[in-house]
4 protein chains.
Amino acid sequence: MRIGVLTGGGDCPGLNAVIRAVVRTSEVRYGSTVVGFRDGWRGLLEDRKQRLRFDERVDQILDRGGTILGTARVNPTILREGLDTIKQTLDDNGIDVLIPIGGEGTLTAAHWLAESGVPGVGVPKTIDNDIACTDYTFGFNTALAIATEAIDRLHTTAESHQRVMLVEVMGRHAGWIALHAGLAGGAHLTIIPEQPFDVDEVCRMVKSRFQRGDSHFICVVAEGAAPMPESMTLREGGFDEFGHKRFTGVAQQLGAEIEKRIGKDVRTTVLGHVQRGGTPTAYDRVLATRFGIHAADAAHAGEHGKMVALDGTDVTLVALADAVDHLKTVPQDRYDEAAAFFG
Amino acid sequence: MRIGVLTGGGDCPGLNAVIRAVVRTSEVRYGSTVVGFRDGWRGLLEDRKQRLRFDERVDQILDRGGTILGTARVNPTILREGLDTIKQTLDDNGIDVLIPIGGEGTLTAAHWLAESGVPGVGVPKTIDNDIACTDYTFGFNTALAIATEAIDRLHTTAESHQRVMLVEVMGRHAGWIALHAGLAGGAHLTIIPEQPFDVDEVCRMVKSRFQRGDSHFICVVAEGAAPMPESMTLREGGFDEFGHKRFTGVAQQLGAEIEKRIGKDVRTTVLGHVQRGGTPTAYDRVLATRFGIHAADAAHAGEHGKMVALDGTDVTLVALADAVDHLKTVPQDRYDEAAAFFG
Amino acid sequence: MRIGVLTGGGDCPGLNAVIRAVVRTSEVRYGSTVVGFRDGWRGLLEDRKQRLRFDERVDQILDRGGTILGTARVNPTILREGLDTIKQTLDDNGIDVLIPIGGEGTLTAAHWLAESGVPGVGVPKTIDNDIACTDYTFGFNTALAIATEAIDRLHTTAESHQRVMLVEVMGRHAGWIALHAGLAGGAHLTIIPEQPFDVDEVCRMVKSRFQRGDSHFICVVAEGAAPMPESMTLREGGFDEFGHKRFTGVAQQLGAEIEKRIGKDVRTTVLGHVQRGGTPTAYDRVLATRFGIHAADAAHAGEHGKMVALDGTDVTLVALADAVDHLKTVPQDRYDEAAAFFG
Amino acid sequence: MRIGVLTGGGDCPGLNAVIRAVVRTSEVRYGSTVVGFRDGWRGLLEDRKQRLRFDERVDQILDRGGTILGTARVNPTILREGLDTIKQTLDDNGIDVLIPIGGEGTLTAAHWLAESGVPGVGVPKTIDNDIACTDYTFGFNTALAIATEAIDRLHTTAESHQRVMLVEVMGRHAGWIALHAGLAGGAHLTIIPEQPFDVDEVCRMVKSRFQRGDSHFICVVAEGAAPMPESMTLREGGFDEFGHKRFTGVAQQLGAEIEKRIGKDVRTTVLGHVQRGGTPTAYDRVLATRFGIHAADAAHAGEHGKMVALDGTDVTLVALADAVDHLKTVPQDRYDEAAAFFG
């Protein structure tokens, strides 16, 4: 068999581990050939690819962040219109099954392809952990580890200066990183997109904590968090590449607002891209490797139109249609767990 | 209510996070009082305890390894004979529910107590991840991270010197740490207690790898691994504190054997205690905190004779009787995943 | 003897290690008593203090960032006018020698006090490494380690997306962190305050690198970096607390300018406060501990008006007057070393 | 010019950074060609080499431990007898200057070559930091960081179990790693080769600490430490490859002795090879890179028979003859600094 593989969307620690496992499993277990397409779907639109073998170079990418295939975000409209070109490229290269590794956009495209008869097995990828039908995705654990280490560091500065410190972490539509990092980092408040915040309530919490004699206040804010409409007006940050309205700098705007309202020194840190790069944690390497093995197995077993997923400790297959149907957001009971430590 | 808490068995990153969450939840959510017993069951046998409040000190233990309550291993026979003393101490201190945090031994004692009418909710703890009825236990992820970082470091030395390197990790009865660390660290072979090894086969693998021109060979060995009887005689290391026959230094003995049989430079590293100390990973802090919250909730809900457990992303309750019934070992299909990368 | 100690200015990993060593050495080697003043010079202006003993709590601060004494920035004018109050507080508390641990501001105040007859031994502290007369100060090595790890992480994202990535690190007046992090992180350009940059030249470098087929461009920017006047107009960020004109967000402004001029995707990360918090590196713990031992020794030897300093591997004493006379900036030959890797 | 480069002796984090800097500087600053010889001096004895260019591969080795050239320990006698072969290989390859990167053995061979007229500039390399005439060598800081992190982890286990814990670190002839790791890790005793230890005195210290109510005792032991002859008989471990008598397992033997004499639970951890592998710290990457730049500069300036060295913050040149004349051991005053925290 000839297996095609590509990585789409934002980069993420563990992509290389998936690629490595797909190559290893396809080559050793099935004697198949693997072709990697460059820069996500663009590689298929422009027929740019490379043969992947399990040599020393591919063996060593296990612990490297990013993706040796390159990646790119592609506008869904362009993708939809390019489906025929993509199918042609797959044909020209004799690809029997495609394994696209990516987020919502990539998996949706994989779903379209599957519906139009192109065999494929998706591998879910998202730092934000918001893809449905899987307990976790690789990259999330690494982002969480980095965010938590940053919060650990901010505690000592906040204590020494008796400061309020806000830290903005990734999570545009779902607050999983913020939720976990807040729990792991001992935050006094965690603000997530699923729970609009009230600035008055935040200020009351901060004041009450300092009045009790505590020395500092650490608040984790997901980048997609938004205030209750009557609570504060967020300066909007225009639209993102797919036309969604985007708030920018919610943490910095909230920090300035707290400082203004309660006259307390506030500092804000925006973690940004360091959360998505670098060597994956052991957890993510294992998860990514297992996803790669199972995707290759499914590809060879003719299990198409599906996506590998984590269910407890098992790697299973779910329908792509279900996975791209909605985003997985933080439910109320999980937020309540974190809230037990607020204040 | 008055809640008693203790930590038993070997120490483990995350114990303090459980204690902190039990105190926080009991105090804030239920207005209860928490008493910590010192040095595991010994604290109950000798009535040594301390009142725990959610003050700055307890708040700050979230990221500290070990346990502020101290811990100790106690012989099961002594424990069984001491059950009446333990019950008396609980009575004397007006403890309504006991939350013992510990491994197989501690949970078995908790089970005995429950059977004799003492309300209790167990929290499973094991570096080795071998307690049944729960997907994972805290401490395991930290041990895995440390083992993987060590393997990462050994790769470059092995490559530079074209060496065989063995690394012994924890896992007396189950090979979970070895299995995961081998996958995450890119091991060329992983040896676990569940799969007796054949020295000839190991030597054949090593030789074949070097003959193919590869520069090094990394083998992860669980401390409880054992050779096939006809393959090699392991010098025995006497008996452990509970009378089980104990092999010591399996990695060092195997390393010496490989060196002798194939005349190749072999180096062995025994990671030892560094795997179980120090700050927990973010993953373990979250899991331990959630276990603590749910144990306190269960204690107040009258859910006794049970243990908190992880099922996918949910924290649930399982019967202690089921949890201590058998150890959770590595099944064949999980070992086969790792084996895809052997050689 | 009674020794007073305080920590002034911004917090810095290693402050606690100095405090611990001062307490240990004074107590054990000299049988002296140590009093810690709270929140920098404010503690002396308002007579807020605490007795410090080498107990378990003080022993354990070795690896904790921040300062258990608290710290605060104080306006130099207020300090100058408060010198008599400070002297009175020292008298009232029977302090024989004061050990102020801090940066340029704190050491200048210590120098004023020394000139007016108050015995004191300074301990230099600065993340930025810009205090004169000492090879290094503690905190710098930790900041460098954090910045370098961040750059390591940004590489893989930049490669995967073929991006230009800018990372802003600390260094208002001197580029030491940027210089070292650029060398350690394999930056393709490092911009420091000592070397005004030319935006055209920067754009030329970026374009030329991509034209050669390289996949990414990483540029480290010190927060105090400034463009050549004719090259680009930096929106000014007002004045800092001491009346110095302050540029804010130089990296973000430069990033936007590059994006505009060459039409290439640019991402900017501002590391911010994570650089100054958290556990100190081993190097900084050793340096801070040695500074503390030697400061206590000097205090008891009557070596006043001086500051401990690192000279090669020796800890020595230098005159405070010399140390506060000028800032230590990056000399041309050191910048040339880094420049060997530019482009 | 044609520059030859090789890495000899045990591997060490930073070797690749030196190679990268030598290649970059020689190529870009001088237009020279660099040839790398494989596996240390063996590459010169057997004429095995590769052309090194500053391509993406060489650029990316900055943060990789080990050495892409491979390394090997060679018996000095074989080296001495092979000098003519080595000179012949250098001639055959048209090498103008050789840059050997290595420890005492490699630098001694470089010295012999220099004396017989072969131009060369040495780069000192030792984990143990015991090469004379330089403040530090790269690799040492990384080993220190790893050892300190391990000690941090052992503290919490020791506290929880009220144990004595011994940790053996590298340092066969000099105790620099132990000295620094003991200071950085808050050890209660540090034992180094320069200071023979008295087991009775060690036991007295341990007992006295526990009698004072302290919860644990951490002791750092350099692998080359030795007891006073009358204090304890160390089982000898034979001879090393160069005929030096070698004690093995001093920490384990001392641990067993303490356990026997005072009846207290003792655990010993031998860090071993993890100390010398993996990614170098930022400090070591900077030092190694600077050594590489200056070695290439010296090679092109005709400064032969010398070695690059660190003097404060300057990289200088010293005579190879001086550098190999003696080992740099820990002086009494440095040990006294650490001793301030013993007990």
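Rg and Dmax in Å for the protein assembly as shown, alpha carbons only: what are they?
30.6, 89
Taking amide H positions as placed 1.01 Å from N in the peptide plane, with prolines and chain starts having none, which residues 5 or more places from B:L327, or on another chain, fall under 5 Å of its amide H?
none
Please state the charge dipole magnitude for chain C, taken about the Cα centre, from unit charges on C-beta atoms (+1 on K and R, -1 on D and E), reported in debye and rounded to the nearest 20. Spell out each step's value before the answer.
Numbers: 36 positive and 46 negative charges, 161 e Å.
Once rounded to the nearest 20, the dipole reads 780 debye.
Checking buried surface per residue: for the stretch B:270-284, which residues lose a minimum of 10 Å² accessible area in the protein assembly relative to the chain alone (1.4 Å probe)?
By number: B:V270, B:L271, B:H273, B:V274, B:G277, B:G278, B:T279, B:A282, B:Y283.
Between A:D92 and B:D198, take the C-beta separation as r, use R0 = 56 Å, and let me know the FRET efficiency to the nearest 0.05.
In this case the efficiency is close to 0.75.
Considering the rotation that carries chain D onto chain B, locate the chain D residue whose Cβ comes closest to its axis and report the distance in whole Å.
Checking which Cβ lies nearest the axis yields D:V270, 3.
Per residue in the stretch C:155-187, which ones lose no less than 40 Å² of accessible surface when going from chain alone to all protein chains (1.4 Å probe)?
C:T156, C:T157, C:S160, C:H161, C:L183, C:A184
What are the distances, in nm and sorted shortest first, from the label point of A:D59 to the label points of the same position in each other copy, with each label point placed 7 Å from Cα along the Cα-to-Cβ direction?
Nearest to farthest, the other copies are at 2.6, 4.8, 5.2 nm.
Sequence-distant or interchain residues sharing an amide H contact under 5 Å with A:F138, placed H: which?
Here the answer is A:T126, since their amide H atoms fall under 5 Å of that of A:F138.
Using the Karplus curve 6.51 cos²θ - 1.76 cosθ + 1.60 with θ = phi - 60°, work out ³J(HN,Hα) for each residue of the stretch B:198-205 in order, rounded to whole Hz, and write x for Gly and Pro.
With the stated coefficients, the stretch B:198-205 comes to 10, 4, 4, 4, 4, 5, 4, 4 Hz.
With chain B treated as a Gaussian network of Cα nodes joined by springs under 10 Å, which of B:F37, B:F291, B:F217 yields the largest mean-square fluctuation?
With Cα springs under 10 Å in chain B, the top fluctuation among B:F37, B:F291, B:F217 is at B:F217.
Among C:A181, C:Q195, C:S208, pick out the residue whose Cα is farthest towards the positive end of the charge dipole of the stretch C:176-218, where Lys and Arg carry +1 and Asp and Glu carry -1 on C-beta, about the Cα centre.
The residue sitting most towards the positive pole is C:S208.
FRET efficiency for B:E230 and B:D311, Cβ-Cβ distance as r, R0 = 35 Å, nearest 0.05?
Taking R0 as 35 Å, the efficiency between B:E230 and B:D311 is 0.25.
Run lengths n ≥ 4 of DSSP H only: what is the helix-derived mean residue ellipticity at 222 nm for chain A, with -39500 (n - 2.57) per run over all residues, to the nearest 500?
Computed mean residue ellipticity for chain A: -12000 deg cm²/dmol.
Output the pairs from B:K207/D:K49; A:K264/C:K49; A:K306/B:K125 with a Cα-Cα distance over 27 Å in this structure; if there are none, say none.
Table pairs above 27 Å Cα-Cα are A:K306/B:K125.
Under the rule of at least 5 residues apart or a separate chain, name every residue whose amide H is placed under 5 Å from the amide H of A:K306.
The answer is A:G120, A:G122, A:L320.
When the Cα centres of the stretch A:251-326 and the stretch C:135-156 are compared, how far apart do they sit, in Å?
Cα centroid to Cα centroid, the span is 26 Å.
Between copies, how far apart are the D:G263 label points? List them in nm, one decimal, shortest first, with each point 7 Å from Cα toward Cβ, please?
For D:G263, the other copies' label points sit at 5.4, 6.6, 8.5 nm, shortest first.
Starting from a label point 7 Å past Cα on the Cβ side, list the distances from D:Q211 to the same position in the other copies, nm, shortest first.
Here D:Q211 shows inter-copy label distances of 5.3, 6.5, 7.9 nm.
How large, in percent, is the carbon and sulfur part of the accessible surface of the protein assembly as shown at a probe radius of 1.4 Å?
Using a 1.4 Å probe with all protein chains present, the protein assembly as shown comes out at 45 percent carbon and sulfur.
The stretch D:1-106: Rg/Rh from Cα coordinates, Kirkwood Rh?
Computed over Cα atoms, the ratio is 0.96.
Suppose we take every Cα in the stretch C:160-227 and form the convex hull; what volume per residue is that in Å³? Could you put the intermediate results ahead of the total?
Details: hull volume 5.1 nm³, N = 68.
Hull volume normalised by residue count: 75 Å³.
Counting DSSP beta bridges with both partners in chain D, what percentage is antiparallel, nearest 5?
So the antiparallel bridges in chain D amount to around 30 percent.
Return one whole number: the accessible area per residue of the protein assembly as shown in Å², for a 1.4 Å probe. Don't skip to the end; give the middle numbers.
Details: 45910 Å² over 1372 residues.
With all protein chains present, the protein assembly as shown gives 33 Å² per residue.
Run the quick spin-label model on A:H173 and D:D333: label points 7 Å from Cα toward the beta carbon, then report their separation in nm to one decimal.
Inter-label distance under the simple model: 6.6 nm.
No solvent, one uniform scatterer per C-alpha: report log10 I(q)/I(0) for the stretch C:81-239 via the Debye equation at q = 0.17 1/Å, two decimals.
-1.00
Placing one identical point scatterer on every Cα of the stretch B:265-343 and ignoring solvent, what is log10 I(q)/I(0) from the Debye formula at q = 0.20 Å⁻¹?
Log10 of I(q)/I(0), two decimals: -1.11.
Just which residues of the stretch A:296-321 lose 10 Å² or more accessible area with every protein chain there, against their chain alone, with the probe set to 1.4 Å?
Residues passing the criterion (a loss of at least 10 Å², heavy atoms only) are A:G312, A:T313.
Could you tell me the largest-minus-smallest coordinate of the C-alpha atoms of chain A on each of the three principal axes, in descending order and whole angstroms?
For chain A, the Cα extents along the three principal axes come out at 69, 37, 31 Å.
With the crude spin-label approximation of a point 7 Å out along Cα→Cβ, what separation in nm comes out for C:R29 versus D:R57?
Taking the two extended label points, one gets 5.3 nm.
Does the stretch D:91-169 come out rounded, prolate or oblate by the C-alpha gyration tensor, with a ≥ b ≥ c the root eigenvalues, rounded set by a/c under 1.5 and, if not, prolate when a/b is larger than b/c and oblate if not?
prolate
Taking the Cβ-Cβ separation of D:M205 and A:M1 as r and a Förster radius of 51 Å, what is the calculated FRET efficiency to the nearest 0.05?
Plugging the Cβ-Cβ distance into 1/(1 + (r/R0)^6) gives 0.15.
For chains D and B, what's the summed buried accessible area, probe 1.4 Å, to the nearest 100 square angstrom?
Buried area between the two chains comes out at roughly 2400 Å².
The values are calculated or read from the model by the stated rules, or taken from the named source; none is laboratory data. These numbers were taken from a predicted model, which means no experiment stands behind them. As a convention, Cβ positions derive from the backbone with ideal geometry for all residues, glycine included, and neighbour counts pool all protein chains shown. Areas reflect the complete protein model, heavy atoms only, side chains present, ligands, DNA and RNA absent. Shrake-Rupley method; radii C 1.70, N 1.55, O 1.52, S 1.80 Å.
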